[in-house]
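Note sheet for the following structure.
The values are calculated or read from the model by the stated rules, or taken from the named source; none is laboratory data. Computed from a predicted structure; not experimentally measured. Cβ coordinates were reconstructed from backbone atoms using ideal geometry, including for glycine residues, and neighbour counts include every protein chain displayed. In case anyone asks, the SASA skips ligands and DNA or RNA and just uses the protein heavy atoms, side chains included. Shrake-Rupley method; radii C 1.70, N 1.55, O 1.52, S 1.80 Å.
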Amino acid sequence: MEFEHKPVLLNETIDNLHVKPEGTYVDGTLGGGGHAYEVAKRLSPQGRFIGIDQDADAIRAAGQKLAEFGNVTLIRSNYCSIREELMGNNVTGVDGIVLDLGVSSYQLDTPQRGFSYMSDAPLDMRMDQRNDLTAGDIINGYSEAELYRVIRDYGEDRFAKNIAKHIVAARAVKKIETTYELVDVIRSAIPMKIQKTMGHPAKQTFQAIRIELNRELDVLEGTLDTMIDLLNPGGRICIITFHSLEDRIVKNAFRRNENPCTCPPGLPVCVCGKVSRGKVVTRKPIIPDEKEMDENPRSKSAKLRVFEKA
């Protein structure tokens, strides 16, 4: 199928990026190139755009969408390697970075990728299909304690312990190989009266397994300071998150970079020597308006936060 992913908070992101025609900009989660196209078309021939994505389908689709621009470089990689990838392309500083986190519409709507609990497919969920480990390996290989930790921490599911217990019991009889098989196990672990009052019972567990498999939160938390470091003075980083775990990491990192002082509150003068690296532009996150949420229901949980380098 064609790579379709409607960019969320598009105008708000581009407005806050403050694109300079001769600047250098990076999209670390390129996807289908929706945000990238709006940045690239604002650049002069002296400007430069670099798109990074670990999904081969995304790189292929974005390459077609951005083919009209001669100053675009596309790299198949994880954005955790952003410094190395930029250095490899003779870039030492950039004027803006965009991250649109989470899973793309294309990945959800392509059954064989195994991201969706709405279609039956092998348990895959790999954002980078070069990786050997799959969601099926986690479901069938992790201990009950490890599964409980993942579902509790990354899915924030109150039935995490029971879901982990049911997964281990089910796989002892037969290996869990497909998304629907996993959904059935999850349903069996949640009381029916509760299921009637909630959304899809598998949503949080699927999110948790996907985050664990692709190391999404580890990568985000481990790369934010690096990305801020790569910004030129006045450069901005715009990050769109889709759940509270991501948003909390971004909010805390932005605040820490704005006010890194570790001195005890009572000291009259700062002695730690840590200097602010910039300012948080968005004291409260920007969220989609009613029109966007109506047109694109997947945008409902989106939050945009912006940081500007000093």
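Of the residues Asp247, Asp229, which single one is among the acidic types (Asp, Glu) and in contact with a Pro (Cβ under 9 Å, 6 or more places away or on another chain)?
Values: Asp229 fails: in contact with a Pro (Cβ under 9 Å, 6 or more places away or on another chain).
So the residue among Asp247, Asp229 that is among the acidic types (Asp, Glu) and in contact with a Pro (Cβ under 9 Å, 6 or more places away or on another chain) is Asp247.
If you take the residues of the stretch 272-292 that are outside any loop (DSSP other than H, G, I, E, B) and among the β-branched types (Val, Ile, Thr), which of them is most open to solvent (accessible area, probe 1.4 Å)?
Ile286
Can you spot a residue in the stretch 296-303 that is assigned to a strand (DSSP E or B), under 26 Å from Val150 (Cα atoms) and in contact (Cβ under 8 Å) with a residue 12 or more places away in the chain?
Yes; the residues of the stretch 296-303 include at least one that is assigned to a strand (DSSP E or B), under 26 Å from Val150 (Cα atoms) and in contact (Cβ under 8 Å) with a residue 12 or more places away in the chain.
All but one of (1) in a helix (DSSP H, G or I); (2) free of Cβ contacts under 8 Å to residues at least 12 places away in the same chain hold for Arg158; state the number of the condition that does not hold.
(1)
State which residue pairs qualify: first residue within 23 Å of Arg210 (Cβ to Cβ) and inside the stretch 89-102, second residue charged (D, E, K, R) in any location, beta carbons under 6 Å apart, and separation of 6 or more residues or different chains.
Cβ pairs passing all conditions: Val98/Asp27; Leu101/Glu246.
Table: residues versus (1) within 20 Å of Lys175 (Cα to Cα); (2) within 20 Å of the chain's Cα centre (by Cα).
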{"position": "Leu74", "(1), (2)": "no, yes"}
{"position": "Asn90", "(1), (2)": "no, no"}
{"position": "Asp124", "(1), (2)": "yes, yes"}
{"position": "Ile139", "(1), (2)": "yes, no"}
{"position": "Tyr142", "(1), (2)": "yes, no"}
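What number of residues within the stretch 203-216 are part of a helix (DSSP H, G or I) and within 12 Å of the chain's Cα centre (by Cα)?
Here the count works out to 5.
Could you tell me which of the residues Val219, Val306, Val250 is under 17 Å from the mean Cα position of the chain (by Cα), hydrophobic (A, V, I, L, M, F, W, C), part of a strand (DSSP E or B) and at pLDDT 95 or above?
It is Val306.
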